[in-house]
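Report on one structure; see the data block that follows.
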Amino acid sequence: MTSIVAREPACTVRPARPEDTAKIDALDTSFTTSTVFEVTASVTGFSLREVPVDPPLTKVFPDDGHDVDGGTQDGSGPAGEEPHNQTFAAVAADGGLAGFAAVSYSPWNRRLTVEDIGIAPAHRRQGIGRLLVAHAMDFARTQEAAHLWLEVTNVNAPAIHAYLRMGFTFCGLDTTLYDGTASAGEQALYMSMPCS
């Protein structure tokens, strides 16, 4: 059985509420890194290696318009009627939003996908991401999911290292997913972790 043991961060995690949407949308999920994971293609496959970047790279994610029910703000998508979606809010002792994680379950392959996760800059490196993933894992088990799965850009080395420490492993990549977007040139790395 895979278990995620979280330190005791100074926050509580609960299901997100509609009134959390504005706070989640306003959360600064940007990051700065001095390394990235370089993807090299060959005739028979791909290789990854961590390489330094100088000057450090700062990534600001575009607004993707998700609400707390897992749908989109324009009303498309599963929204509140979908029982397999959940957004968790990590609330700091002062009542502010410390972070969030939005997940969705696909019954056909028993996969719980971490659709989005973000930690407020003042609350990073305190175990809140690990705590949110632990709640996602608990939700995955209620859905009888076989594994957690996520996608992360190859330039988000801090998140990749955190996911590896939590027990995720690489399970695939897509070198074209971000083509035609503000993230063109980056590659999508897929990671998973069994629920059992």
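The values are calculated or read from the model by the stated rules, or taken from the named source; none is laboratory data. Values in this document were obtained by computation on a predicted structure and should not be read as measured data. Here the Cβ is made from the backbone with ideal geometry for all residues, glycine too, and neighbour counts use every protein chain on show.
Those residues that are farther than 17 Å from residue 25 by Cα and surrounded by fewer than 20 Cβ atoms within 10 Å (Cβ to Cβ), I need them from segment 106-125; list them, please. Give the steps one after another, and end with the answer.
Keep residues of segment 106-125 that are farther than 17 Å from residue 25 by Cα, which gives 106-113, 124-125.
If the condition is that a residue be farther than 17 Å from residue 25 by Cα and surrounded by fewer than 20 Cβ atoms within 10 Å (Cβ to Cβ), then 106, 107, 108, 109, 110, 111, 124, 125 are the ones that fit.
Scanning segment 1-20 for residues that are at pLDDT 95 or above and of a type in the set (Ser, Thr, Tyr) turns up just one, 12. If only residues of segment 131-171 that are in a strand (DSSP E or B), in contact with a strand residue (DSSP E or B) (Cβ under 6 Å, 6 or more places away or on another chain) and of a type outside the set (Phe, Trp, Tyr) are counted, the one that is surrounded by the most Cβ atoms within 10 Å (Cβ to Cβ) is 148.
Can you spot a residue in segment 86-95 that is in a helix (DSSP H, G or I) and closer than 14 Å to residue 12 by Cα? Working first, answer last.
Going through segment 86-95, the residues in a helix (DSSP H, G or I) turn out to be none.
Scanning segment 86-95 turns up no residue that is in a helix (DSSP H, G or I) and closer than 14 Å to residue 12 by Cα.
What residue, among those in segment 114-130 that are in a helix (DSSP H, G or I) and free of Cβ contacts under 8 Å to residues at least 60 places away in the same chain, is nearest to the chain's Cα centre (by Cα)?
Of the residues in segment 114-130, the ones in a helix (DSSP H, G or I) are 121-123, 128-130.
Cutting the leftovers down to free of Cβ contacts under 8 Å to residues at least 60 places away in the same chain gives us 122, 129.
Working: 122: 18, 129: 9 Å.
Of everything passing the filter in segment 114-130, 129 is nearest to the chain's Cα centre (by Cα).
Test residue 36 against the criterion of being of a type in the set (A, V, I, L, M), under 18 Å from residue 183 (Cβ atoms), modelled with pLDDT of 95 or more and touching a helix residue (DSSP H, G or I) at 6+ places or on another chain (Cβ under 9 Å), and give yes or no.
Values: of a type in the set (A, V, I, L, M): yes; under 18 Å from residue 183 (Cβ atoms): yes; modelled with pLDDT of 95 or more: yes; touching a helix residue (DSSP H, G or I) at 6+ places or on another chain (Cβ under 9 Å): yes.
Answer is yes for this residue.
Within segment 173-196, the residues that satisfy the criterion of being within 19 Å of residue 63 (Cα to Cα) and among the aliphatic types (A, V, I, L, M) are 177, 182, 184, 188.
Out of 142, 176, I need the residue that is of a type outside the set (A, V, I, L, M) and over 19 Å from residue 105 (Cα atoms). Which one?
Numbers: 142 fails: over 19 Å from residue 105 (Cα atoms).
It is 176.
Confirm whether residue 98 is at pLDDT 95 or above, touching a Phe, Trp or Tyr at 6+ places or on another chain (Cβ under 6 Å) and either farther than 22 Å from residue 63 by Cα or of a type outside the set (Lys, Arg) (or both).
Working: at pLDDT 95 or above: yes; touching a Phe, Trp or Tyr at 6+ places or on another chain (Cβ under 6 Å): no; either farther than 22 Å from residue 63 by Cα or of a type outside the set (Lys, Arg) (or both): yes.
Considered against the rule, which asks whether it is at pLDDT 95 or above, touching a Phe, Trp or Tyr at 6+ places or on another chain (Cβ under 6 Å) and either farther than 22 Å from residue 63 by Cα or of a type outside the set (Lys, Arg) (or both), residue 98 comes out as no.
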